[in-house]
Amino acid sequence: MTVQIDDIKFDQNGLVPAIVQDIQTGKVLMLAYMNKESLQKTLETKTTWFYSRSRQQLWNKGETSGNTQLVKKLSYDCDGDTLLVEVVQNGVACHTGEESCFFQNIELTEEEPIVNRDIISYLYKLIEHRRDHPVEGSYTNYLFHEGLDKILKKIGEESSEVIIGAKNRDKKELVNEFSDLIYHSLVLMIEQGISIQDIKQVLTERHQKR
């Protein structure tokens with residue numbers, strides 16, 4: 001559904017909350033407010049514009065920090081009183097330097113740890129950081145130091161162990177071996193200059209053709 005400004009229900013102050021989400025990772029980045037003018041400028045420029053309630057003026061995200069947001073999708077909820085802005089985030093979203101403004105957790109009692117749905121992207125960034133900022137004793141740095149042949153050898157070994165785990169019908173073993181293979185595959189991707197987004201793009205194109 002296409003966003004029509006006339007369909008949006010602005011509050012008594014002429015504002016509507018806008019939730020900003022990273023379209024690539026699904027991470028919620030921030031919450032801000034838009035009025036009609038900032039929404040119109042967002043639609044026209046394809047970058048996020050908001051209305052500052054404290055300064056009472058429009059502001060363009062990243063105008064001074066460089067942490068811009070390229071708008072890829074804009075939608076509103078069933079009541080028309082909340083916007084969802086899906087963006088490609090350049091840099092971090094939070095003024096504190098955190099990736100997302102929602103980084104402070106309220107502790108809950110959980111019987112089992114929550115699976116991190118962004119773990120692949122997190123691991124990719126961690127491996128990338130290890131490459132750029134070596135740490136003594138790091139296995140990741142060892143792989144990069146040894147070079148492509150060593151990385152490829154590990155890919156081959158882990159692939160074989162995945163096959164063995166599958167033949168043994170051992171789910172626990174197979175999960176562990178898949179995890180090892182994914183880790184080493186990420187190392188190879190970074191060594192070869194391939195991003196997770198590159199893989200997602202190809203998979204998306206293949207899916208759309210079917």
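The values are calculated or read from the model by the stated rules, or taken from the named source; none is laboratory data. Computed from a prediction, not measured in an experiment: that's the story for all the values here. Don't worry about glycine lacking a Cβ; one is built from the backbone with ideal geometry, like all the others, and counts go over all protein chains shown. Surface accessibility is based on the protein's heavy atoms, side chains included, excluding ligands, DNA and RNA. Shrake-Rupley method; radii C 1.70, N 1.55, O 1.52, S 1.80 Å.
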Original post:
Looking only at the stretch 137-195, which residues are among the hydroxyl-bearing types (Ser, Thr, Tyr) and closer than 22 Å to TYR122 by Cα?
Top reply: SER138, TYR139, THR140, TYR142, SER179, TYR183, SER185, SER195
Subject >> Qualifying positions in the stretch 112-168 - of a type in the set (S, T, N, Q) and either open to solvent by 40 Å² or more (accessible area, probe 1.4 Å) or modelled with pLDDT of 95 or more (or both) >> reply: ASN116, SER138, THR140, ASN141, SER159, SER160, ASN168
Original post:
Taking into account only those residues within the stretch 67-90 that are in contact with a Lys or Arg (Cβ under 7 Å, 6 or more places away or on another chain) and of a type in the set (A, V, I, L, M), which is farthest from GLN4 (Cα to Cα)?
Top reply: VAL88
Original post:
Just checking, how many residues over the stretch 1-40 are open to solvent by less than 60 Å² (accessible area, probe 1.4 Å), closer than 20 Å to GLY62 by Cα and free of Cβ contacts under 8 Å to residues at least 40 places away in the same chain?
Top reply: 4
Subject >> Whichever residue in the stretch 68-96 is more than 17 Å from LYS36 (Cα to Cα) and among the hydrophobic types (A, V, I, L, M, F, W, C) and, among such residues, is most open to solvent (accessible area, probe 1.4 Å) >> reply: CYS78
Original post:
Of all helices (runs of 4 or more DSSP H) completely enclosed by the stretch 133-191, which ones contain at least 3 residues that are touching a residue at least 40 places away in the same chain (Cβ under 8 Å)?
Top reply: 139-146, 171-191
**OP:** Could you tell me whether ARG206 is in contact (Cβ under 8 Å) with a residue 24 or more places away in the chain, closer than 30 Å to VAL28 by Cβ and open to solvent by 70 Å² or more (accessible area, probe 1.4 Å)?
**Re:** no
**OP:** Look at the stretch 50-100 and say how many of its residues are touching a residue at least 60 places away in the same chain (Cβ under 8 Å), part of a loop (DSSP other than H, G, I, E, B) and not polar (S, T, N, Q).
**Re:** 6
